[in-house]
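Below is one structure, written out as structure tokens; the observations come after it.
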Amino acid sequence: MNLDSYNAIAQQWEHHRVQLSPREAQVLPLVTDGLAPQSTLLDLGCGTGRPVAAFFAAGGFRIVGVDQSPAMLALARRRLPTHQWLLGTLEDFPPIDNVAAVVAWDSLFHVPRDRHADIFRRVRQTLPAGGRFALTVGGSEHPAFTDVMLGHTFFYDSFPPGQVVALLETAGFRVVHQASLNDPDGARDKGRVALVAAAA
Ligand SMILES: C[S@@+](CC[C@H](N)C(=O)[O-])C[C@H]1O[C@@H](n2cnc3c(N)ncnc32)[C@H](O)[C@@H]1O
């Protein structure tokens, strides 16, 4: 469902998702804080490369972006052609050398929650001690659901933030920052929380 939907909306997404929100812009610098220029950042669910990968590329970091959607990746490749763009999934991304930091920004919640612990373990194996992993998750307790965006249906699932923190700790991370990006409204908006974790 999500693959077909993202392929279908890629051109619209290009104009829909352009800038980081002020809250995102406060959180994302924590991911690469202290890293040497040219360090490699793995962006899982990179989309079109804008605005997240573009933010890190502008900071001098090398991006390896992974996404399931060829149409989204094509836009990322065109935007940032000197970086690396791989067709793949969060659940089964290929081994990548010398990754210093990882982001899964607005992508993990498209994966069924029973796969999240395995993804956290793989991300931990990819990072050196101290390496940071930033992700967004749903902001409240809710069952998996579908919703329509830009005329197409998308699947969403997430543990509530407290359970995500526990899973990250089990996978070998320590959560160093947590911030609400938008608060749940008790109806359609389940909320969205950013977490930054450091590999123990
Ligand atoms: C909401 S967009 C976010 C894009 C970008 N990270 C951002 O913050 O603007 C979600 C992206 O995650 C990708 N995605 C969703 N599920 C995925 C999966 N299981 N594996 C890889 N990519 C996935 C989609 O194709 C889409 O490009």
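Before we move on, is A144 closer than 18 Å to L30 by Cα and within 14 Å of the ligand (Cβ to nearest atom)?
Answer is no for this residue.
State which residue pairs qualify: first residue under 20 Å from R23 (Cα atoms) and inside region 160-185, second residue of a type in the set (D, E, K, R) in any location, beta carbons under 7 Å apart, and separation of 6 or more residues or different chains.
P160/E141; A179/R23; L181/R23; L181/E24; L181/R192; N182/D189; N182/R192; P184/K190
Are there any pairs, at least 6 apart or on different chains, whose C-beta atoms fall under 7 Å, with the first in region 19-44 and touching a residue at least 24 places away in the same chain (Cβ under 8 Å) and among the acidic types (D, E) and the second assigned to a strand (DSSP E or B) and surrounded by fewer than 20 Cβ atoms within 10 Å (Cβ to Cβ), and if so, which?
Close Cβ pairs satisfying both conditions: E24/L181.
Residue check: is G65 in contact with a helix residue (DSSP H, G or I) (Cβ under 8 Å, 6 or more places away or on another chain) and of a type outside the set (A, V, I, L, M)?
Numbers: in contact with a helix residue (DSSP H, G or I) (Cβ under 8 Å, 6 or more places away or on another chain): yes; of a type outside the set (A, V, I, L, M): yes.
Taking the combined requirement at face value, the residue satisfies it.
Name the residues in region 62-72 that are more than 8 Å from the ligand (Cβ to nearest atom) and free of Cβ contacts under 8 Å to residues at least 40 places away in the same chain, would you? Working first, answer last.
Kept after step one, since they are more than 8 Å from the ligand (Cβ to nearest atom), are these residues of region 62-72: 62-65, 70-71.
Answer for region 62-72, where residues must be more than 8 Å from the ligand (Cβ to nearest atom) and free of Cβ contacts under 8 Å to residues at least 40 places away in the same chain: R62, I63, V64, G65.
So which of V18, V31 ends up being among the β-branched types (V, I, T), surrounded by fewer than 20 Cβ atoms within 10 Å (Cβ to Cβ) and within 24 Å of A179 (Cα to Cα)?
Details: V31 fails: surrounded by fewer than 20 Cβ atoms within 10 Å (Cβ to Cβ).
None of the other options fit; the residue is V18.
Please find, within region 85-102, the residue that is nearest to the chain's Cα centre (by Cα) out of those that are more than 13 Å from the ligand (Cβ to nearest atom) and surrounded by 16 or more Cβ atoms within 10 Å (Cβ to Cβ). I'd like the intermediate steps shown before the answer.
Residues of region 85-102 that are more than 13 Å from the ligand (Cβ to nearest atom), as a first pass: 95-101.
Next, from what is left, pick out any that are surrounded by 16 or more Cβ atoms within 10 Å (Cβ to Cβ): 99-101.
Numbers: V99: 15, A100: 15, A101: 12 Å.
This residue is A101.
Go through (1) under 23 Å from V196 (Cβ atoms); (2) within 11 Å of the ligand (Cβ to nearest atom); (3) more than 13 Å from the chain's Cα centre (by Cα); (4) touching a residue at least 60 places away in the same chain (Cβ under 8 Å) one by one and return the number of the condition L75 breaks.
Here L75 meets the rest and fails (1).
Yes/no matrix, rows are residues, columns are (1) more than 15 Å from the ligand (Cβ to nearest atom); (2) buried (at least 22 other Cβ atoms within 10 Å of the Cβ); (3) of a type in the set (G, A, S); (4) over 27 Å from M1 (Cα atoms):
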site	(1), (2), (3), (4)
A104	no, yes, yes, no
L108	no, yes, no, no
P128	yes, no, no, yes
F155	no, no, no, no
Q163	yes, no, no, no
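We did not get these values from a lab; they are worked out from the coordinates using the rules stated. Predicted, not measured: the structure shown is a model, and the values here were computed from it. Neighbour counts run over all protein chains shown; Cβ positions are idealised from the backbone, glycine included.
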